[in-house]
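The values are calculated or read from the model by the stated rules, or taken from the named source; none is laboratory data. Values in this document were obtained by computation on a predicted structure and should not be read as measured data. Cβ sites come from the backbone with ideal geometry, for glycine too, and all protein chains shown count toward neighbours.
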Amino acid sequence: MKFTPETPDQTLLQEILKGDLDAFEHLVRRHQGVVYRFLYHFLGNAADAEDLTQETFLTLHRKLSQHNPALSFRAWLMTIARHLAISHSRKNVPTPLDPAMLAAAIRDVCPAPERELLLKEASEQVRAALARVAEVHREILVMRYLLDLPLHEVAELLNIPEGTAKSRLFKARAELRERLEAGERGAGAVAPAMAGGS
């Protein structure tokens, strides 16, 4: 069977269950980008993201017969990636976070003057703050602001109502602010500049 970019995921899944390896390769090529980006931003490490992207698709292949066709394939795939990322982060010491990722994460959290100061003078504090944000909050910040997914899609990927996703995002932003403020109080040279507002 010849597959095109328009071939539905469900058709590919049916062919994979019949043993069609081309269908599986097509499915991987279609979805590996978003899986990798999520894992990279969640873990902050390219090598770990690559490894877990491969593991995500291996796990997918093993569990393919368990997929409920009535549910979104992409949401199910991202759930596998999330579980692997959470398990990995609990077993490993956090790696330094990418400065570009941090910039994106704080863009919507801080007012412009504070944002500029954080980016220029307090990058270590921002790294530390985001690393200390609870996993449940960190993942929603990653999905919404770093993957730039609309809130309704974030809700679908997390398998929660959109109202719950909105509430969780609000709490995640609040937690990141608290972590940043706690870092300011603990960083003597940076805190006065932040307090000055100039």
Restricting region 41-72 to residues that are surrounded by fewer than 15 Cβ atoms within 10 Å (Cβ to Cβ) and within 29 Å of Ala129 (Cβ to Cβ), the one modelled with the highest pLDDT turns out to be Glu50
How many residues of region 13-26 are under 12 Å from Pro69 (Cα atoms) and under 27 Å from the mean Cα position of the chain (by Cα)? The answer is 1
Counting only residues in region 64-85 that are within 16 Å of Val34 (Cβ to Cβ) and small (Gly, Ala, Ser), the one farthest from the chain's Cα centre (by Cα) is identified as Ser72
- request: Might you check whether a residue that is at pLDDT below 85, among the acidic types (Asp, Glu) and more than 30 Å from Pro8 (Cβ to Cβ) occurs anywhere in region 82-105?
  value: yes
Those residues of region 16-31 which are touching a residue at least 24 places away in the same chain (Cβ under 8 Å) and surrounded by fewer than 15 Cβ atoms within 10 Å (Cβ to Cβ) amount to Leu17
With the first residue restricted to region 125-142 and required to be farther than 24 Å from Asn159 by Cβ and not assigned by TED's automatic domain parsing to the domain that holds Phe42, and the second required to be at pLDDT 85 or above and among the charged types (D, E, K, R), Cβ contacts under 6 Å at 6 or more apart or on different chains are none
Taking Val142 as the residue in question, decide whether it is crowded, with 20+ Cβ neighbours inside 10 Å, at pLDDT below 80, more than 19 Å from Phe73 (Cα to Cα) and in contact with a His (Cβ under 6 Å, 6 or more places away or on another chain).
yes
